[in-house]
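*Asks:* Following this message is one structure expressed as structure tokens.
The values are calculated or read from the model by the stated rules, or taken from the named source; none is laboratory data. As the structure is a computational prediction, the values presented were derived from the model and not from experiment. For neighbour counting, all protein chains shown are included, and Cβ atoms are generated from backbone atoms with ideal geometry for every residue, glycine included.
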Amino acid sequence: MKIKKILTIVPLLAFMMLFSSCGDYIGKEKEHPFFVKAGACKASGNYKEAAEYYEEFLNVCPRSPITHYELAALYGDNLDDPFKAVYHYQRYLELAKNSPDAENVSKFIEISKRKAFDLLSKQFESAETAKAYAEAAKVKKMLDQYVAYSTRLREQNTLLRNQNSEMRSRIEKFSRDSSEFRKTVQDLKKQMEQPESPGTSRQTAVLPVPLPGGDKPGRPSGPPPSSGDPWENAPVAAASATSTATEDGKAPAKSPGSSPASGKPAAVAAAGAAGTSAAGTAAAGKTAAPSAGKTHKVVKGDTLYNLAKKYYGSSRYYRLIWDANKAQLGEKGLLRIGQELVLPPRPGGKR
């Protein structure tokens, strides 16, 4: 009687093991009702129930890489459970060692680990630790202010050194011109003191007398015309620059070669304009979410998951790309190199 009962149970167990074999569903996960229900729950925004169905499917087929990936994405992106996300991402890498998406998955693991660390830090942070963090933040703020102040002082010192060097050059030039002027005056005096020859009238030779600063003789009286020299009124410019630095705590703006409107050095003004133009170009080139009519040409290594992560910021939007290109991808979502995929706009509401 026992032998007959054993012979009846053994084939039944063998049949059940064969029916529930994991190998039958690897690559055919969408044929199992648990996997189908999980996908439907995820599409409707019921992420917790979707995770439960994926867990049920793993009880049937624990070596399914795509199921571990789906669970990891759910726990990491929707359910705020980075610990489970790390586990399922690692299981995916173990089961799909040659996956072209392995590099991205490794990055997802690092992100999930940082989230887990932050959660643990918040849970076990003591009052003393929080106080230490506050003190460290205060010290850092003071150091930042000191560094900014030191930087402004260095800029002011550099500007003043340049102004002093230019002023010394102008003083030396003025000294040379004054020496030449004195020499010319002495020559005129000598000519005036020479005795006149008999029978000839005295003629005074008028020599060109260079004036200090390089001015020519015979210039009309009145205010001298502006020479365009930035150091024409050097004392006034230095006083203005000092006043400006005292009022707002910044370096004096007036310097040789400066722009008349802004008071900044021409080189600094040009660099500022170039920086502004570069910043505008960088802002204009920043990658935005796909708009209507945008496409992507499939290359080696592309998958629906990493395309969704690349263009929409999360792998959970892979279904959006799939549905928009189902005519060429088919029910299995197979990509071929060279395909042109339509990238629909990202949905406005949370999915």
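*Asks:* Criterion first (β-branched (V, I, T) and touching a Ser or Thr at 6+ places or on another chain (Cβ under 9 Å)) does I26 satisfy it?
*Replies:* Yes, satisfied.
*Asks:* If you check every pair at least six apart or on different chains, which have Cβ atoms under 8 Å apart with a residue in region 97-109 that is in contact (Cβ under 8 Å) with a residue 24 or more places away in the chain first and a residue that is among the acidic types (D, E) second?
*Replies:* Once the first residue is in contact (Cβ under 8 Å) with a residue 24 or more places away in the chain and sits in region 97-109, its partners that are among the acidic types (D, E) give P100/D302.
*Asks:* Now for a different question. Is it the case that region 134-155 has a residue that's among the acidic types (D, E), loosely packed, with under 11 Cβ neighbours inside 10 Å and in a helix (DSSP H, G or I)?
*Replies:* The answer is yes; a qualifying residue exists.
*Asks:* Exactly one condition in (1) in contact with a Lys or Arg (Cβ under 8 Å, 6 or more places away or on another chain); (2) touching a residue at least 60 places away in the same chain (Cβ under 8 Å); (3) under 18 Å from S315 (Cβ atoms) is false for R152; which is it?
*Replies:* Checking R152 against (1) in contact with a Lys or Arg (Cβ under 8 Å, 6 or more places away or on another chain); (2) touching a residue at least 60 places away in the same chain (Cβ under 8 Å); (3) under 18 Å from S315 (Cβ atoms), the one that fails is (3).
*Asks:* Among the residues of region 312-346, what is the count of those that are farther than 18 Å from T295 by Cβ and either of a type in the set (S, T, N, Q) or assigned by TED's automatic domain parsing to the domain that holds F108 (or both)?
*Replies:* 2
*Asks:* Right, something else. Going by the structure shown, is K131 without any contact (Cβ under 8 Å) to a residue 40 or more places away in the chain, within 29 Å of N59 (Cα to Cα) and exposed (fewer than 11 other Cβ atoms within 10 Å of the Cβ)?
*Replies:* Against the criterion (without any contact (Cβ under 8 Å) to a residue 40 or more places away in the chain, within 29 Å of N59 (Cα to Cα) and exposed (fewer than 11 other Cβ atoms within 10 Å of the Cβ)), K131 does not qualify.
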